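**Q** My structure is below; once you've seen it, I'll send some questions.
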Amino acid sequence: MIEEEALGKVYDGRLMRRLLAYLAPYKLIVVVSLALVLLISALKLVGPILTKLAIDDYIANGDIAGLTRIALLFVAALVAQLVLSYFQVYIMNMAGQRVMADMRREIFAHLQRLHAAFFDRNPVGRLVTRVTTDVDALNELFTSGVVTIFGDVFMLVGIMGVLVYLDWRLALVSFAVLPALFAVTLVFKRRVRVVYRKVRTRVAMLNAFIQENIVGMSVVQLFGQERRKFRQYSELNRQHADANIESILHYAVFYPVVEILSSVAIALIVWYGGGRVLLGTLTLGGLVAFIQYSEKFFRPISDLSEKFNILQGAMASSERIFKLLDTESAIVPPSPSTVDSSVETAVDAAIDRNGAPAVRFDDVSFAYNDEDWVLRDIDLTVAPGETVAVVGHTGAGKSTLASLLTRFYDVQQGRVLVGGVDVRSWDLGALRRKFGVVLQDVHLFSGTIASNIRLGDTHISDEAVAKAASAVNLDEWLETLPRGLDTPVRERGASLSAGQKQLVSFARALVHDPSILILDEATSSVDTHTEILVREALAALLEARTSIVIAHRLSTIQRADRIVVLHKGRVREIGTHQELLTERGIYYRLYQLQYKDQELGKPA
Amino acid sequence: MRELLRLVPYLKRYPRPMTFGMVALVLAKAAAVLTPQVLKWTIDDLAVSVTIDKLLYYAGLIVAIAVFQGFFRFWMRRLLIGVSRHVEYDLRGDFFAQLQRMSPSFFNQWRTGDLMSRASSDVSAVRMVLGPGIMYPAETVIVTLGALLFMVSISWELTLVAVAIMPVVSFVVMRFGSVIHKRFESIQEKMSDVSALVQENLAGMRVVKAYSQEQRQKEKFNVENDEYFNRQMRLVKVWGAFHPLLAALIGLGTVLVLWWGGLMVMSERITLGELVAFFAYVNLLTWPMVALGWVVNIYQRGSASMKRLSVILDVEPELPSTAPAGTLPAQPAPLSGRIEFRSVGFSYNGGGNGDRVLRGIDLVIEPGQTVAFVGRTGSGKSTLTRLVPRLYDVTEGTVLVDGEDVKALPLHRLRRSIGYVPQDSFLFSETVGGNIAFGNPSASQEMIDHATALAGLNSDVEEFPKRFETMVGERGITLSGGQRQRATIARAVLIDPPILILDDVLSAVDTETEERILSQLSNVMESRTTLLVSHRISTVRNADLICVLEDGQIRERGNHDELVELDGLYASLHKKQLLERELEQI
């Protein structure tokens, strides 16, 4: 489907200008490159002229020294062409690759700025393509497209100029085929483009069909529909083959027609030019040069239409890239000009203050889309140093509550306050540095265990990492690893068990020593031994911080100062474990449903 | 290269286009070699004296040769490249048919993306061998032979001078080809590193943000990005020299011919016309030399791809199907629906004791009975039902239907008798009606209406923009989870099977809707053997028999009241669901 979109636009001036702007820092290279291309094109024209001189002035007169001079001159021209071409290609590629590296850098940096909700809507795979494939599609535009277009035009004009200079009458006669050559090429390219579009759509349909059948193969087999599906497949397969065979037809006609046209040009030169030789107005060498030039006509014409396709591909990719770059983050830190000074000092004070700050939800309501309220009228204050356990049934809004504190999303109503200041007034980085977040689904980066704990914060010493690791009971496992903390972690921590991953994420939070801790307990079950390790590690983590724990462990809940029961987006009960049990309300039922089994000592 | 031999039988299916294509190729290329001859005559005649009519004759000859050559080139391309497209069609068909023979365990083992890349890019790479991979080398041989023949007939000495450069050209093409290939691969590798880094970064965006790691991530990215740039430039260093060098070498060949040939003309050992003809021959020979590197590349890629295709094509189907795809008899006699499990054990990777999903299952289900299976995720309840239609084969014991081992029953007869509704409620991107009538494409509208009503989807269908003609999926409407589930129920009910298997199919609708659908289905279920898998007590409470599975074994069996009485696993599950219901209502 994306491919089909891609074929929509051929040329868009606005996009082109924006693309070329990326070349601006490399202006000098582009200018030099352009000059070189013109020089190289001129050198390419030298060959037939030298041949003419050799035939007319030296071979005809038996001048061996002269012929050798011409040959050496010819070699010199070739060497110059080789050196200049190499240099030109090299510098132009350097500029092109730099531009693409710049673009990738910009896109990646932009992605880092975008808000959480953006990633909920856009699949990771698609965003990765923006950085990789889409940028690569611009390769040819920057490295060869822009500059060689001038070279091709210059070549054509140059050939025509030389021919006119040699014999303008014969030149005009041989130009007779040019309009036809142009026309044939244009028609062919247009046809081929149409057929390719057809081929591409059909390839897409064929692939979609195979994909769907692979996924649904058991259904096909259970209902005994293999034969019918095969027939449908064969039909698509046939259409695909037909489209390709149609494209063969175009090529099969095009190449011979071009061949015939260039033969007509040669025939015209032989007949009319031969006549001019007989008249004595053209030399034999001149005739040979004419024949050689006429063979050079086709290349630039064909290349020019090739460039057209490059342009088209670049337009489609750049449109997608720019669309991403134009997406603004919905979560923006306050700009200095709009913040009044009293708020500013309050924020500064909050940033500088040591110790655990208070956290407050002030009449907060929140929905991911429009009116689908996930949280409603939440009023909740967590005192400095307090541990609050948030419990509730699936879909009660627990994780959302945590996301609002670190400003992954902005509330629609009310305020979220950290250290007495609205999170929207905080500098985002400063706000998030106050927090340590342990998510339910532990994300590990490829690197080592140590790098996953430290997360690139160079201020954290090796000792601190080791201390944190041992504080969360990682030692026992690390001792079994020959490389200890330096053990490599593969992509997404595939080699680690669920329990190990949890402990690593605890160490990560601990070593950053946050003043507020948000912990979304993992629900994945671990063995009893690991469970004990995790419980102990949790105790170390909750020490002396303001903590909000989305709890799944009874032990965690019992340790909390207060339990907040969230039900259908509202705070329904608040109290200690014993208080809430005696109330016999929602918590009582949740306890029966989720936590009671854990009292027997077996993890849920 | 040996892998490619597998393609010979495919080519043999098209003897006529292959033969005529080759004949056309020989004629076209033979004609191409003639034009320089005409040039030779022209120049030589002009050097002496000639009439304008003779020139016109030569001009006509040049055009005539071009037309002749063009005609055969047209057929050469059409026929030879056409064959490659036909073989591609056959190959794609065989590949798909092979997939259709594979059992679910095959699809568990192979990732969809992997199979897709074999079905698309590998088939294309193989096609390149059959098309350009045959045509270009053949052209090279004919042109080289023809050109050399004429060249030697003019002067073997100048021929040696002219071809002296050719081995160098070939060497450069090969040498550069392999270096470029290596450096290109190192670029690809780096690109996949960059891509993995971005992927990881985006997947872990919340951690990145929560720990304010944006700056650090950017630095990490820039390191990889710069390395990618460096590798690109390493390629440019070689690749940038490739084409200029080729042009220079070919040019050098021309200069050598001009110089040596010029000397020969002066000493009157050849004529000027012959020298000009030589230029043309050198020109004819260079392109095939340049193409050589490309052709080698086509063969390398093609044989690697053929290997990847063979891996799939050579997999033996796990379940010997009595009727291969394409030869199904129309309507096998239905079974009555008595199902028996006799000390059944199963593990997904065949054997091994530790990972057995099912063990020691003994169960008899009489025709018309409704049996429900409950238990935690991973207890084996879904797996048990999958053994009946032979989506998987037992690793121990026997599954019998109508007293016969399912392995002994013709597969199509067995499956025809089972209406299976899988967990994932998969629908095809065709119309709603087409999906419901999937098992019986010739079903009447009444049958479709009836099945739809039984599944409780009728009122939904009325609201679809084109009712039964509405497309499902990207090109039509997106059905909700509950609608999809009900559509798959309708699909199963439509074939009127004696056995109905519902694998946790009403999880996406609320309890109220579920009860409504179940009561509608009760008529259908009454007259046939029904296997019901569910998490919900409300779904299974009316079943004739309820089996509670844990760790692959049936731990409790009985009807609802008996099991509640027993106060075991079922009873605790029942209690919890009552609590959940209460919570729902608070």
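**Q** Spelling out what I want: for every residue of region B:193-203, take phi, set θ = phi - 60°, compute 6.51 cos²θ - 1.76 cosθ + 1.60 (Karplus), and round to whole Hz; glycine and proline get x.
**A** 5, 4, 5, 5, 5, 5, 4, 5, 4, 5, 5
**Q** Excluding residues on the same chain fewer than 8 positions from A:Lys398, give the lysines whose Cα lies under 17 Å from its Cα.
**A** Result set, ordered by chain and number: A:Lys568.
**Q** Further question: Within 10 Å of each candidate Cβ there may be at most 16 other Cβ atoms; applying that plus a DSSP loop requirement, which trypsin sites (Lys or Arg not before Pro) in region B:83-176 survive?
**A** B:Arg111
**Q** Skipping prolines and chain starts, which residues have an amide H placed within reach, meaning under 5 Å, of the one on A:Val438, given they are 5 or more residues away or on another chain?
**A** Placed amide hydrogens put A:Ile518, A:Leu519, A:Asp520 under 5 Å from A:Val438.
**Q** Moving on. Within straight cross-link reach of A:Lys307, meaning Cα distance under 16 Å, which lysines are found once same-chain residues fewer than 8 apart are removed?
**A** Cross-link targets: A:Lys9, A:Lys189.
**Q** Between region B:45-61 and region A:152-225, how many Å separate their Cα centres?
**A** 39
**Q** Top to bottom by accessible area (1.4 Å), largest first, where do B:Ser572, B:Ser186 land?
**A** Largest to smallest exposure gives the sequence B:Ser572, B:Ser186.
**Q** Dipole of region B:424-496, Cα-centred, from +1 at each Lys and Arg C-beta and -1 at each Asp and Glu C-beta, to the nearest 20 debye?
**A** Its charge dipole is roughly 120 debye.
**Q** Given the C-alpha centroids of region A:231-289 and region B:406-460, what is the distance between them in whole angstrom?
**A** 57
**Q** Run the dipole for the protein assembly as shown about the Cα centre, Lys and Arg Cβ at +1, Asp and Glu Cβ at -1, nothing else charged, and hand back the magnitude in debye, nearest 20.
**A** For the protein assembly as shown, the charge dipole is close to 3600 debye.
**Q** How big is the antiparallel share of DSSP beta bridges in region A:336-600, given as a percent to the nearest 5?
**A** On the way: 20 of 37 bridges.
About 55 percent, rounded to the nearest 5.
**Q** Which translational diffusion coefficient, to the nearest whole µm²/s, is obtained for region A:226-300 from the Stokes-Einstein equation, given a Kirkwood hydrodynamic radius over C-alpha pairs, 20 °C and 1.002 mPa s?
**A** 134
**Q** With a/c under 1.5 counting as rounded, go ahead and sort region B:4-66 into rounded, prolate or oblate using the C-alpha gyration tensor (a ≥ b ≥ c being the square roots of the eigenvalues; past the cut-off, prolate if a/b is larger than b/c, else oblate).
**A** Cα axes put region B:4-66 in the prolate bin.
**Q** Now for a different question. Can you tell me the length gained on complete extension of the stretch B:Glu157 to B:Ser429, counting 0.36 nm per residue apart and subtracting the Cα distance?
**A** Fully extending the segment from B:Glu157 to B:Ser429 adds 91.0 nm.
**Q** What's the Kirkwood radius of region B:156-269 in Å, using all Cα pairs?
**A** 18.2
**Q** Next question. Rounded if a/c is under 1.5, else prolate if a/b is larger than b/c, else oblate: which is region B:424-496, with a ≥ b ≥ c the root eigenvalues of its Cα gyration tensor?
**A** Numbers: a/c = 1.36, a/b = 1.34, b/c = 1.02.
In terms of gyration-tensor shape, rounded.
**Q** Here's another thing I want to ask about it. Compute the angle between helix B:569-585 and the longest alpha-carbon principal axis of chain B, please, reported from 0 to 90 degrees and rounded to the nearest 10.
**A** It is inclined by approximately 80 degrees.
**Q** I've got another one for you. Taking chain B as the reference, fit the longest principal axis to its C-alpha atoms, fit the long axis of helix B:52-101 to the helix C-alpha atoms, and give the angle between the two in degrees, 0 to 90, nearest 10.
**A** Taking the Cα atoms of chain B, the angle to B:52-101 is about 20 degrees.
**Q** List the residues, sorted by chain then number, that are 5 or more residues from B:Gly558 or on another chain and whose placed amide H is less than 5 Å from its amide H.
**A** Sorted by chain and number, the residues that satisfy this are B:Ile546.
**Q** Using the Kirkwood formula over every pair of different C-alpha atoms, what hydrodynamic radius in Å results for region A:345-468?
**A** 16.4 Å is the Kirkwood radius here.
**Q** Alpha carbon centre of region B:511-586 versus region A:453-475: separation in Å?
**A** Cα centroid to Cα centroid, the span is 50 Å.
**Q** Using DSSP loop states and a limit of at most 16 other Cβ atoms within 10 Å to flag GluC sites (Glu not before Pro), what is the longest stretch of chain A containing no flagged site?
**A** The reported range is A:1-327.
**Q** Using a cut-off of 18 Å between alpha-carbon atoms, which lysines can reach B:Lys40, once sequence neighbours fewer than 8 places away in the same chain are excluded?
**A** Straight-line reach from B:Lys40, under 18 Å: A:Lys52, B:Lys54.
**Q** Something else about it: Which log10 I(q)/I(0) values does region A:459-577 give at q = 0.10, 0.19, 0.21 Å⁻¹ under the Debye formula, counting every alpha carbon as one identical point scatterer?
**A** The Cα Debye sum returns log10 ratios of -0.35, -1.09, -1.27.
**Q** While we're on this one: Which percent, nearest 5, of DSSP beta bridges in the protein assembly as shown are antiparallel?
**A** Roughly 50 percent of the DSSP beta bridges within the protein assembly as shown come out antiparallel.
**Q** Provide Rg over Rh for the protein assembly as shown; use the alpha carbon set for both Rg and the Kirkwood Rh (inverse mean inverse pair distance). Show your work: numbers first, answer last.
**A** On the way: Rg = 38.4 Å, Rh = 36.3 Å.
That ratio equals 1.06.
**Q** Continuing with the same structure: ³J(HN,Hα) across region A:59-69 via Karplus (A = 6.51, B = -1.76, C = 1.60, θ = phi - 60°), whole Hz, x for Gly/Pro?
**A** 4, 4, 9, x, 8, 5, 4, x, 4, 4, 4
**Q** Can you give the Rg to Rh ratio for region A:168-281, taking only C-alpha atoms and Rh from Kirkwood? Please list the in-between numbers first.
**A** Numbers: Rg = 25.2 Å, Rh = 18.1 Å.
Across region A:168-281, the Cα-based Rg/Rh ratio is 1.39.
**Q** I need the shape label for region A:336-600. Rule: rounded when a/c is under 1.5, else prolate if a/b > b/c, else oblate, with a, b, c from the alpha carbon gyration tensor.
**A** Oblate.
**Q** Any idea what Rg and Dmax come out to for region B:46-190 if you just take the C-alpha atoms, in Å?
**A** When restricted to the Cα atoms of region B:46-190, Rg and Dmax are 24.6, 83 Å.
**Q** Taking the alpha carbon gyration tensor of region A:97-233, what are the square roots of 5 times its eigenvalues, largest first, to the nearest whole Å?
**A** Over the Cα atoms of region A:97-233, the ellipsoid semi-axes are 48, 31, 8 Å.
**Q** Still on this structure, please answer the following. Tell me, what is the percent relative contact order of region A:336-600, built from C-alpha pairs under 8 Å that lie six or more residues apart?
**A** Relative CO of region A:336-600 lands at 25 percent.
**Q** Under a 5 Å amide H to amide H cut-off, with H placed in plane at 1.01 Å, what residues pair with B:Gly397 once short-range neighbours are removed?
**A** Here B:Gly345 satisfy the definition.
**Q** What longest region of chain B stays clear of GluC sites (Glu not before Pro) that DSSP places outside H, G, I, E and B and that have at most 11 other Cβ atoms within 10 Å?
**A** B:1-267
**Q** Please determine, in degrees from 0 to 90 and to the nearest 10, the orientation of helix A:341-352 with respect to the longest principal axis defined by the Cα atoms of chain A, where the helix direction is its Cα long axis.
**A** 80
**Q** Calculated from DSSP H runs of 4 or more alone, at -39500 (n - 2.57) each and per residue, what is the 222 nm mean residue ellipticity of the protein assembly as shown, nearest 500? Before the final figure, lay out each step's value.
**A** Details: 49 runs with 729 residues, N = 1190.
Computed mean residue ellipticity for the protein assembly as shown: -20000 deg cm²/dmol.
**Q** Just the Kirkwood number for region B:536-579, please: inverse of mean 1/r across all distinct Cα pairs, in Å, one decimal.
**A** Hydrodynamic radius (Kirkwood, Cα only) of region B:536-579 equals 10.4 Å.
**Q** Which whole-Hz couplings ³J(HN,Hα) result when phi for each residue of region B:514-525 is put into the Karplus expression 6.51 cos²θ - 1.76 cosθ + 1.60, θ = phi - 60°, listed in order with x for Gly and Pro?
**A** Each residue's phi maps through the Karplus curve to give 4, 4, 5, 5, 4, 5, 5, 6, 4, 4, 5, 6 Hz.
**Q** Let me ask something else about it. Let me have the relative contact order for chain B, percent, based on Cα pairs under 8 Å that are six or more residues apart.
**A** 14 percent.
**Q** Right, next: Would you work out the relative contact order for region B:156-269, in percent, from Cα pairs under 8 angstrom that are 6 or more residues apart?
**A** Rounded, it is 52 percent for region B:156-269.
**Q** May I ask for log10 I(q)/I(0) of chain A at q = 0.05, 0.06, 0.07 Å⁻¹, from a Debye sum over the Cα atoms as equal point scatterers with solvent left out?
**A** -0.43, -0.58, -0.71
The values are calculated or read from the model by the stated rules, or taken from the named source; none is laboratory data. Keep in mind it's a predicted model, so treat the numbers as computed, not measured. Cβ sites come from the backbone with ideal geometry, for glycine too, and all protein chains shown count toward neighbours. For accessibility, only protein heavy atoms count, side chains too; no ligands or nucleic acids. Shrake-Rupley method; radii C 1.70, N 1.55, O 1.52, S 1.80 Å.
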